[in-house]
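Peer 1: Got a structure here, written out as structure tokens. Questions coming.
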Amino acid sequence: MMKKQSLLQTLKQFTLVLMIALVSLGGATGCKSKKKLAQEQAAAEYASKVELAKKDLNSILDGTAAWSLAEKEQRFQTIKSWNLEDTEVQSLLDKVEDKLAREKADLERKAEEERLRKEEEARLKAEANKYDAVENYFRSIAAAPDQATANEKIAGAMQLFATPDVPVLIIISQAGGFNDYDRPTTISKYLDYLKDQKIYNNRVQQVKYDANKRITELELIKK
């Protein structure tokens with residue numbers, strides 16, 4: 001009877017040890033499976049990033065990417081931050097970096113050219129308009145509907161000149177760098193001429209001023 005109980009006790013202990021061993025073995029196998037799965041997922045993600053990096057970098061290089069320069073630069077920095085240890089990706093990064101630098105330099109050059117163009121346009125416009133006050137008076141005197149209006153315009157125009165005897169020179173032709181002038185006159189006589197003839201067919205070529213910004217000599221040219 002005692003031997004039978006001892007045998008049963010031994011069997012129970014053996015069964016318990018076996019169960020513990022099986023549970024431990026199952027747990028270890030489960031841990032190894034999870035680790036392997038994580039590694040596979042990481043490898044898949046890495047491979048996906050490598051392929052995406054190649055695709056995007058190549059599209060920047062061949063000009064098929066519909067991105068602005070700023071967007072391309074941002075995409076380049078994002079891919080670079082992935083630190084992909086792939087030879088082809090690293091080579092593409094170098095090429096894209098060089099291409100973006102050239103694009104940026106070209107964009108800056110064009111922006112500077114546009115700035116200079118606008119400055120030149122403004123300068124030419126200012127140059128063309130700097131005699132507007134004189135031109136407007138001449139046109140308004142010639143177009144005056146009556147003597148009183150013409151005289152009023154003449155009085156206003158005379159405020160721009162140093163004296164009524166300021167010389168007015170009219171270029172009638174130009175050749176070989178030389179000017180051929182009409183008979184000299186004075187501003188007071190020229191304004192009376194505009195009032196009488198009712199036509200202004202010249203334009204201001206050059207003006208000289210005194211220290212008070214009043215005209216001391218006027219040069220016109222026939223249109």
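The values are calculated or read from the model by the stated rules, or taken from the named source; none is laboratory data. Bear in mind the structure is a predicted one, so any value in this text is a computation, not a measurement. Counting neighbours? That spans all protein chains shown, and the Cβs are built from the backbone with ideal geometry, glycine included.
Peer 1: Can you pull out every residue in the range 127-170 that is of a type in the set (Phe, Trp, Tyr), surrounded by fewer than 19 Cβ atoms within 10 Å (Cβ to Cβ) and either without any contact (Cβ under 8 Å) to a residue 60 or more places away in the chain or in a helix (DSSP H, G or I) (or both)?
Peer 2: None; the set is empty.
Peer 1: Applying the selection to the range 44-68, what residues are closer than 15 Å to ASP86 by Cα, buried (at least 16 other Cβ atoms within 10 Å of the Cβ) and of a type in the set (A, V, I, L, M, F, W, C)?
Peer 2: VAL50, ALA53, LEU57
Peer 1: When ASP180 is evaluated against the numbered criteria (1) at pLDDT 95 or above; (2) more than 24 Å from LYS130 (Cβ to Cβ), which criterion, by number, is the only one it fails?
Peer 2: The single condition ASP180 does not satisfy is (1).
Peer 1: Also, I was wondering about something else. Return the total of residues in the range 173-189 being under 49 Å from the mean Cα position of the chain (by Cα), exposed (fewer than 13 other Cβ atoms within 10 Å of the Cβ) and on the phi < 0 side of the Ramachandran plot.
Peer 2: Matching residues across the range 173-189 total 5.
Peer 1: Regarding GLU73, is this residue at pLDDT 90 or above and either more than 30 Å from GLU103 (Cβ to Cβ) or not hydrophobic (A, V, I, L, M, F, W, C) (or both)?
Peer 2: yes
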